[in-house]
Structure formats: C-alpha cells, structure tokens
Amino acid sequence: MRRRLLWFLLIGIVIAILILIAQNGRGTVGPLSADEFGSFAYKIALLVFLTAAVATLFRERFTQAVTAALLWVVVGLLLVIGYSYRFELTQVADRVVAELVPGHVISHGRIVEVARGGGGDFAIAAKINGARVRMVLDTGASSVVLTQDDARSAGLPLDLLDYSVSIDTANGRTRAAPVTLDNIAIGSLEEKSVDALVVQPGQLKTSLLGMSFLNRLQSWQVNGDRLVLQGYP
C-alpha cells in the first residue's frame, strides 16, 4: 500500500513539473499563477518528504529510512531545478523538436528560428490564411509562390485566377497568377496582405517562401544551420 502511494506521489510531482514547463511563466494553473503554483508544489513536496521520512524512521529499519529520505531529497531537488530552469528546458525542448521535425518553428517573441533540413533546404511550417502549408525558403524568388494544392487549402478561388505572369521554375518556364494573401504566419511572425503567385498545376512540388514576405521583416539571416527571422516590434 505504501509503495503504491509512493508511486502516486511521484507521478503527481512529475505532472506538476510538466505543467510548470508548459506554462513557461506566462499563464496560470487553475486559480493560481505559474509562480504561485510552483511555490505551492514545492511546499507540498517538502511536506510529503518530511512526513515520509518521519513515518519510515518509526516503522522501518534505519537503512530504509535513509533510503526513503534520500529519495525524497532527490525528488524535491528535481522539482526545484525543473521550476527554476523551466524557460531553459522549454528552449532545449524546442531545439530538440526542431532537429527531429523538419520545419518546426521556434518562436522567441518577434524572432523565430528554423533548423536546416536533411536535404539542405529550410523547410518551414507556415500558415497561409489559417491553413497549414509546408514551404521552402527561396531567396531567389521575388515573391511567395504557391502550388495549386496549397492555394486551394488557403481558400483561393482557383477558377478565377489569371495566369498572366511568366516565371522560371525548376521545371522550366511557366505561368503564374498574381494574388494577395490575407496573411502569412510563421511562428509568432504574421504579415498581412502579402503579394504572391500561384503556379499552374504540376509545376512545383513545394510552395516557396520568397522575398515578398522576407522584405516585410526587420531582418533575416542564415546562421550555420539556422534560419533566423526577426519581425518589427
């Protein structure tokens, strides 16, 4: 019975740490702020540790008491460390996900980062008119360029488009239709009324993030295997 209770307590403490990391110091946990919840969880862990240690001292042998006390010390330290470094842990988690999931965007306020994919390109998970679109950075493209499928997902009226612009693609010269996108969002960066082109069917495999979006930003640069985009405050 005591062992089962111990596991329940350990699981509860781990859940508390995960909640604190997920909140990242910005929100609330129920009626408490993240800071208040952290303080409350720490005090509960300390109380449980002391109770367990005292109970074990009186009911079990001395070595078992020491083992139990050390266990709760470790648990308490993990809770304090997890709460103290919740921001750093969140950043580490973001970077791990960025390496494992191509196109994952790491946001830091008005700055976003994207890791280079295995193929050498920067694949970017964007939202166009609210629809999720996978794009590839192309600084040689003067405009954002969308495939037919992505344009359809973004809600553009394909039947009404006028393919009046001549452009060069990897498949050769083709024609594209000029459009204005309501918004493009990449992580915490969002730009409205962005000029773009929609290519004819079968001309592109992936939509391109071109200069009509990049020129809206305060800055953008490639640092090694990282693309860093910074919007205006």
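The values are calculated or read from the model by the stated rules, or taken from the named source; none is laboratory data. These figures come from a predicted structure and were not determined experimentally. With ideal geometry, Cβ positions are generated from the backbone for all residues, glycine too; neighbour counts draw on all protein chains shown. Just so you know, the surface numbers come from the protein's heavy atoms only, side chains and all, with ligands and any DNA or RNA stripped out. Shrake-Rupley method; radii C 1.70, N 1.55, O 1.52, S 1.80 Å.
Is the range 173-183 home to any residue that is within 22 Å of Ala115 (Cβ to Cβ), assigned to a strand (DSSP E or B) and either open to solvent by less than 20 Å² (accessible area, probe 1.4 Å) or touching a residue at least 60 places away in the same chain (Cβ under 8 Å) (or both)? Scanning the range 173-183 turns up no residue that is within 22 Å of Ala115 (Cβ to Cβ), assigned to a strand (DSSP E or B) and either open to solvent by less than 20 Å² (accessible area, probe 1.4 Å) or touching a residue at least 60 places away in the same chain (Cβ under 8 Å) (or both).
Please enumerate the residues belonging to the range 198-229 that are over 25 Å from Val179 (Cα atoms) and not hydrophobic (A, V, I, L, M, F, W, C). Before the answer, list the steps.
Here is the first cut: in the range 198-229, the ones over 25 Å from Val179 (Cα atoms) are 221-228.
If the condition is that a residue be over 25 Å from Val179 (Cα atoms) and not hydrophobic (A, V, I, L, M, F, W, C), then Gln221, Asn223, Gly224, Asp225, Arg226 are the ones that fit.
Residues in the range 205-220 that are under 17 Å from Gly109 (Cα atoms) and in a strand (DSSP E or B): Ser219, Trp220.
Would you check which residues across the range 194-204 are assigned to a strand (DSSP E or B) and open to solvent by 10 Å² or more (accessible area, probe 1.4 Å) and list them? First the steps, then the outcome.
Taking the range 194-204 and keeping what is assigned to a strand (DSSP E or B), we get 194-199.
Hits for the range 194-204 are Asp195, Leu197.
For the range 136-159, does any single residue satisfy the condition of being among the hydrophobic types (A, V, I, L, M, F, W, C), open to solvent by 50 Å² or more (accessible area, probe 1.4 Å), more than 13 Å from Lys205 (Cα to Cα) and out of contact with any His (no Cβ under 7 Å at 6 or more places or on another chain)? Checking the range 136-159: not a single residue is among the hydrophobic types (A, V, I, L, M, F, W, C), open to solvent by 50 Å² or more (accessible area, probe 1.4 Å), more than 13 Å from Lys205 (Cα to Cα) and out of contact with any His (no Cβ under 7 Å at 6 or more places or on another chain).
So, in the range 108-124, of the ones that are out of contact with any strand residue (DSSP E or B) (no Cβ under 8 Å at 6 or more places or on another chain) and outside any strand (DSSP E or B), which residue ends up modelled with the highest pLDDT? Working first, answer last.
Going residue by residue through the range 108-124, those that are out of contact with any strand residue (DSSP E or B) (no Cβ under 8 Å at 6 or more places or on another chain) are 108-109, 118-120.
Within this subset, residues satisfying the condition of being outside any strand (DSSP E or B) are 109, 118-120.
Values: Gly109: 86, Gly118: 72, Gly119: 75, Gly120: 80.
Only one residue tops the list, namely Gly109.
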